[in-house]
1. How far is helix 197-218 tilted off the main Cα axis of the chain, in degrees rounded to 10, range 0 to 90?
2. Could you list Met15, Met257 so that the one with the fewest beta carbons within 10 Å of its beta carbon is first and the one with the most is last?
3. Kirkwood hydrodynamic radius for the range 31-88: how many Å is it when counted over pairs of different Cα atoms?
4. In what sequence do Tyr110, Tyr14 fall when counting other Cβ within 10 Å, fewest first?
5. Please work out the Cα convex hull volume for the range 2-195 and give it in Å³ per residue.
6. Using bins 5 angstrom wide from zero, how does P(r) for the range 1-67 break down, in % of all Cα pairs?
7. Can you work out the base-10 log of I(q)/I(0) for the range 199-336 at q = 0.12, 0.13 1/Å, using the Debye formula on its C-alpha atoms alone?
8. In nm, to one decimal, how far is the Arg320 label point from the Asp190 one, both placed 7 Å along Cα→Cβ?
Amino acid sequence: MKICVFGAGAIGGYMAGELALAGHDVSAIARGPHLAAVQSHGLKLIVDGQTRTVDLPASDDPAAFGPQDVVICALKAQQAHANAGAFAPLLGPKTAVLTAMNGIPWWYFYKEGGRHDGHHLQSVDPGAAQWNAIGPERAIGCVVDPACEVVAPGVIEHRLFKRFTIGEPDGSTSDRILALRDALVSAGFDAPIRDTIRWSIWLKLWGNVCFNPISALTLATLDRVTSEPGLRALCKSIMAEAEAITASLGLTIPKQMMERRLNAAGSVIGHKISMLQDLERGRSMEIDALVTAVQEMGRLVKIATPTIDAVLALVQERGRQAGLYSNDISQVDGNDACSDYRLD
């Protein structure tokens, strides 16, 4: 399978390296020192304490690689929006785009099947840049579980988990998703296909919508956010509002999953979640896909979100004061989009 990973940082680099080692025709889009290192010395993967070097073509110019069978977008949401037009050289008539990203995806309501089918979310895709440039018909959903980090330019360390849950927006088991599943499995990943990928997106988002902004505001690690009584109560309040939105959209996630998410997060001692890492490292903060989109969807289904509203206003201002957030995500600089980012 011919695959281009757009954004070969932490998660994207891990995927690109393992897929290339499995024999697939893999190329990577990266920038800055990370790209220079990959071009000079190959991509180095550290998995289970062992380092392997992967030679694969990498460039900052998508035109270098031409149309693909699959493009894996492993950018943050705001970076993906800023780079929407750059996908064009990679897109052939049947190219699929796997959105291996956190939060609410820009294509969320495409073939959703409910009363909001086809609705466009302004918070994650202002001006419908991705909707128009890429096309929702190309999208395949993905929930990312692995924890990886760019520990040095050109060096990716895998820490935990190997599961990438995937699903078609319409819930079908298409030929293209079966082929993608087989490619991911051949690379050693777990790649279950879900007929309700939005359910999986929301389950992960129940954690991200609260853990990320609270960590950025308090500088607390994940175990502290979920164990300190006041912060845990705040998490529960945000999760309850997200659960009400989820239910209004026709998705039923058992309420006991709230405690499970909190307890699982609390078991990761000393972990700094991605939004806090971004704040500390001076990188653009992924606020809109994780929090603003939830607020927008709450307003769409007429569910009040007072706790989310308050926390969102605070973390947006924190981001603005640090120079790492703008309400107009079209102003995000895409030039750092492929160098040193990670997903939770």
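1. Relative to the chain, helix 197-218 is tipped by roughly 70 degrees.
2. Met257, Met15
3. 13.3 Å is the Kirkwood radius here.
4. Fewest-to-most Cβ neighbours within 10 Å comes out as Tyr110, Tyr14.
5. 105 Å³
6. Histogram of Cα-Cα distances, whole percents per bin: 4, 19, 33, 27, 13, 3, 1, 0.
7. -0.45, -0.53
8. A separation of 4.2 nm, rounded to one decimal place.
No value in this document is a laboratory result; all are computed from the given coordinates. Nothing here was measured: the structure is a model prediction, and the numbers come from that model. No Cβ is skipped: glycine too gets one built from the backbone with ideal geometry, and neighbour counts run over all protein chains shown.
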